[in-house]
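Report on the following structure.
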Amino acid sequence: MAHEHQHQHQHGHGAHSHAPAAATPNGLPEILDLDAALFAPHLTALTGRIACLAGDDVRNIVDLGSGTGTGTFALLERFPTARVTAVDSSPAMLERLASAARDRGLGDRVHTLEADAGEGLPGVVDADLVWASASLHHLDDPATALAGIRAALRPGGLLAVAEVDGMPTFLPEGGEPGALESRCREALDGLHAEQLPHRGADWGSLLATAGFSVEQERSEPWELRAPLPEGAGRYAYLVFERIRDNLVGRVSPEDLAALDRLIDGGPEDVRHRGDLVVRSTRETWMARRPA
């Protein structure tokens, strides 16, 4: 769940998930995959909670804003008799996911659907479970989209929503590195307030208004400390690289220069630091279409 798919959207496809917007679009799939690898134990725990509510007889799953397939593959593992319809508005992301599914021997359990979730889910009916990770905040009209999701679920089916509270953070708190990161994050939040007005929305209320029964709501801090898993420095580098261009004119020239030093290969580069702590807060809602 990469958490912030920036779909230029914070990921750039349509409904989907987690890192801030900017530089090399090709960096997004790697950010999503690294996020999935680094936070895999947390995702395993989350899919366990989903299984407790959804029950054992889950056969038809929709991954809304599937990106590179983090949720798709986690749910295929959790529900070994299920098939997943992976929905995204990016054909390139869907082809990447389909290729990964074939490589894993799961091609017969994955169907891809190129669609904008805000405009409905054509052909999707009687889903047992819809998973929407960092995708709903990209929708222009949440009420219309939630009505479409509700229609795609069978009576009693479960919708699991996961959102992130902003860009992950990496630098030590309390000193100037942490203060720099806070200023960057605040500037990005301002940008996202303009471009993604539903980010940070009260999805519990929106789900209830759309006719769902909200059964669980949770906010969880996810944190990785030293010794960090392989890939943590690379993940930090790609996130900072991705947000850098979006901060021009939104932070001071001094802060931009400091940010550049975090990704310039020098001694302050995040890939060389021994003091990184990867932090991200994930919010989840579990809601059911009434029987």
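The values are calculated or read from the model by the stated rules, or taken from the named source; none is laboratory data. Every value quoted in this text rests on a predicted model; they were computed, and no experiment measured them. Cβ placement follows ideal geometry from the backbone for every residue including glycine, while neighbour counts extend to all protein chains displayed. Only protein heavy atoms, including side chains, enter the accessible area calculation; ligands, DNA and RNA are left aside. Shrake-Rupley method; radii C 1.70, N 1.55, O 1.52, S 1.80 Å.
Structure summary
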item	result
Complete set of residues in the stretch 51-69 that are under 16 Å from W285 (Cβ atoms) and part of a loop (DSSP other than H, G, I, E, B)	G65
Among residues of the stretch 68-79, those that are open to solvent by 40 Å² or more (accessible area, probe 1.4 Å) and closer than 14 Å to D128 by Cβ, counted	1
Candidate set from the stretch 51-67 (those that are of a type outside the set (D, E, K, R) and open to solvent by 10 Å² or more (accessible area, probe 1.4 Å)); member that is farthest from L129 (Cα to Cα)	C52
Single residue of the stretch 83-118 satisfying the filter (in a strand (DSSP E or B) and touching a His at 6+ places or on another chain (Cβ under 8 Å)) that is farthest from S133 (Cα to Cα)	R83
The stretch 230-243, residues that are of a type outside the set (D, E, K, R) and either outside any loop (DSSP other than H, G, I, E, B) or free of Cβ contacts under 8 Å to residues at least 12 places away in the same chain (or both)	A232, G233, Y235, A236, Y237, L238, V239, F240, I243
Selection count, the stretch 163-178, where residues are within 19 Å of L191 (Cβ to Cβ), of a type outside the set (V, I, T) and not in a loop (DSSP other than H, G, I, E, B)	1
Test: A210 is of a type in the set (G, A, S), modelled with pLDDT under 90 and either open to solvent by less than 50 Å² (accessible area, probe 1.4 Å) or over 30 Å from T144 (Cα atoms) (or both)	no
Every pair of residues 6+ apart whose Cβ atoms lie under 7 Å, when the first sits in the stretch 201-225 and is of a type in the set (V, I, T) while the second is assigned to a strand (DSSP E or B)	V214/W285; V214/A287
Some residue of the stretch 215-229 being surrounded by fewer than 20 Cβ atoms within 10 Å (Cβ to Cβ), in contact with a Lys or Arg (Cβ under 8 Å, 6 or more places away or on another chain), polar (S, T, N, Q) and not in a loop (DSSP other than H, G, I, E, B)	yes
Residue in the stretch 126-147 that is open to solvent by 10 Å² or more (accessible area, probe 1.4 Å), farther than 24 Å from E215 by Cα and not in a helix (DSSP H, G or I) present	yes
